[in-house]
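Structure record follows, encoded as structure tokens.
The values are calculated or read from the model by the stated rules, or taken from the named source; none is laboratory data. Since we're looking at a predicted model, the values are computed, not measured. Positions of Cβ are generated from backbone atoms using ideal geometry, with glycine treated the same way; all protein chains shown enter the neighbour counts.
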Amino acid sequence: MAKEIVDAMAMQRALTRITYEIIEKNKGIANLVIVGIKTRGVYIGQHIANRLQQLENVDIPVGELDISAYRDDQGEPLAAVTKQKLDINIDGKRVILVDDVLYTGRTIRAAMDALMDNGRPAVVNLAVLVDRGHRELPIRADFVGKNIPTSSSERIQVNVKEVDGFDSVEIQ
Amino acid sequence: MTRRYLILQDGSIYPGEAFGAPATTFGEIFFHTAMTGYQEIMTNPIYHNQIVVFTMPTIGVAGINHRADEAIGPMVKGVVVRSLAEVSTNRLKSMSLHEFLKRYNVPGIAQIDTRALTRHLRETGTQKASIVDVPDEHAFDQLQALVLSNQQIQQTSTPRAYVNPGRGANVVVLDFGLKNGILRKLNDYDANVTVLPFSTSIDELANLDPDGIILSSGPGNPNDVPADILELIKHFQTQVPLFGIGLGHELFALANGIQLVPMQTEHHGMNHPIREQITNQILYATQAQGYQIDATSLKDKNMIVTYVDLTDGAIQGIRHRDYPAFSVQFFPDASPGPIEASQPFEDFMELVEDRRKGDLS
């Protein structure tokens, strides 16, 4: 049974909070680009970019990062997937890498490999909507919407309007 | 009913019927457009020594209920209404509005055409006024001679520090004319609150190791505030989460080199739509504002505009770009007013909790 633990309103507030923290930590938004990890990370990244646009009237580029080719948990056949190029330039930029859930850290490891294949960013920061713990790699997020302690048998599902029709975080 | 008169500095006379105390009173007159919350408005220290005109036609239907007090007793010097409710059916009330004002020696006047009076005040701006028995030359002479105090903070701030204990975060409230709503809100988070007088030094505050600081709302002209307070704000905004409300917002702006200007039409009510810039969402909140941020002076400062009044474009909230320090002009404690406006408290307490956990450097 899925149980909603973060509603649409609280999710919006968490993204608002992350946005302010991004401005604070980066001392402004000059040279900033957002890279969302497919699928839901892209939409969350887009929400953050919209907020920056509302506040500062600046268009922050949002890239879509497909990390399938870089995963270490999919076995042989998937390693043949072609590596996709990012559609934005990240050379010398301050990159905010965005994902929905931070769990083992393996996705982020793969995303960083994918990023580095696309250029040499000045700085990479990690923003996640949910940090659920149980890291298997030395990775931590710079911006966290919600810390949700979980057991490893539970499942966290982030829903975004663009894909799922509504915004929420559910636990199963 | 005894006939009494409301007289204005410009010579206008409004006859009406007395209620409350039979005293003669003087003060700066202003009008408030809120439909609810007359008790909170009368007891809010921001209206210290002023005469309030309620545009809501009938006042007093909820009686007086001490849980709605924003201070001990009324802060206003007089109350002007169209019609005074003679019956109150609120089961929480402990007395009527009439008895309350009588107890604290504050006069009221009813059967005033508050619509005409409000229109008049909109044109002339706030001015000195008096509630008297006879509107003769002597009464007007006295009114002319009245000097309005510029020591409002000194008169309303607590003379010494006190504690409102809790088991949560260590929050310090600087009292510039604090209203109870702010403390009530902090109680919701079980914060361990220390309220300090406006004259607190940087060292005295630092000794308390605050997890967060609130600059309270309060009365008067922000430009009259002693410069030491601005130094204190400048010092602490770089160290701990800081949250300014009302006058506290204005002082936060001043401390960061932003100018404040008197408003053409003051905001006293809760009917203006306010937009939160980052989400483009509209909210309503109680406002009590005679000064506003001069937008041009904010341009080159390290601040983000967070809330804007959609009726006249007045800036309603700012946030520092580099530090977890922000402020709102409206009242987020929702007493009175819509609870949708209380989000800034949650934002502040989140920052405070982050700092306690060490997530905030």
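Listed values, structure above:
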| quantity | calculated |
| --- | --- |
| Condition met for residue B:327 (small (Gly, Ala, Ser), crowded, with 19+ Cβ neighbours inside 10 Å, part of a helix (DSSP H, G or I) and within 14 Å of chain A (Cβ to nearest Cβ)) | no |
| Elements of type strands (runs of 3 or more DSSP E) contained in region A:1-88, each with 2 or more residues being under 27 Å from residue B:303 (Cβ atoms) | A:32-37 |
| Pick from region A:13-23, criterion in contact with a strand residue (DSSP E or B) (Cβ under 8 Å, 6 or more places away or on another chain) and within 7 Å of chain B (Cβ to nearest Cβ), ranking: surrounded by the most Cβ atoms within 10 Å (Cβ to Cβ) | A:20 |
| Filter pass, residue A:10 being within 14 Å of chain B (Cβ to nearest Cβ), under 16 Å from residue A:101 (Cα atoms) and within 18 Å of the chain's Cα centre (by Cα) | yes |
| Residue match in region A:29-45 (condition: surrounded by fewer than 16 Cβ atoms within 10 Å (Cβ to Cβ), more than 9 Å from every other protein chain (Cβ to nearest Cβ) and charged (D, E, K, R)) | yes |
| Test: residue in region B:304-311 that is under 12 Å from residue B:253 (Cβ atoms) and away from chain A (no Cβ under 14 Å) | no |
| Verdict on residue B:265 being under 22 Å from residue A:20 (Cβ atoms), among the hydroxyl-bearing types (Ser, Thr, Tyr), surrounded by fewer than 20 Cβ atoms within 10 Å (Cβ to Cβ) and in contact (Cβ under 8 Å) with a residue 24 or more places away in the chain | no |
| Top-ranked residue in region B:330-361 [being crowded, with 23+ Cβ neighbours inside 10 Å and among the aromatic types (Phe, Trp, Tyr); ranked as farthest from the other protein chains (Cβ to nearest Cβ)] | B:331 |
| Options B:88, B:130: the member that is touching a Ser or Thr at 6+ places or on another chain (Cβ under 9 Å), part of a strand (DSSP E or B), touching a residue at least 24 places away in the same chain (Cβ under 8 Å) and among the small types (Gly, Ala, Ser) | B:130 |
| Residue within region B:253-276 that is modelled with pLDDT of 95 or more, within 14 Å of chain A (Cβ to nearest Cβ) and in contact with a strand residue (DSSP E or B) (Cβ under 7 Å, 6 or more places away or on another chain) present | yes |
| Close pairs from region B:46-60: first outside the structural domain of residue B:109 (by TED's automatic domain parsing), partner surrounded by fewer than 22 Cβ atoms within 10 Å (Cβ to Cβ), Cβ under 9 Å, at least 6 apart | none |
| Test result for residue A:94, without any contact (Cβ under 8 Å) to a residue 40 or more places away in the chain, of a type in the set (Lys, Arg) and surrounded by 17 or more Cβ atoms within 10 Å (Cβ to Cβ) | no |
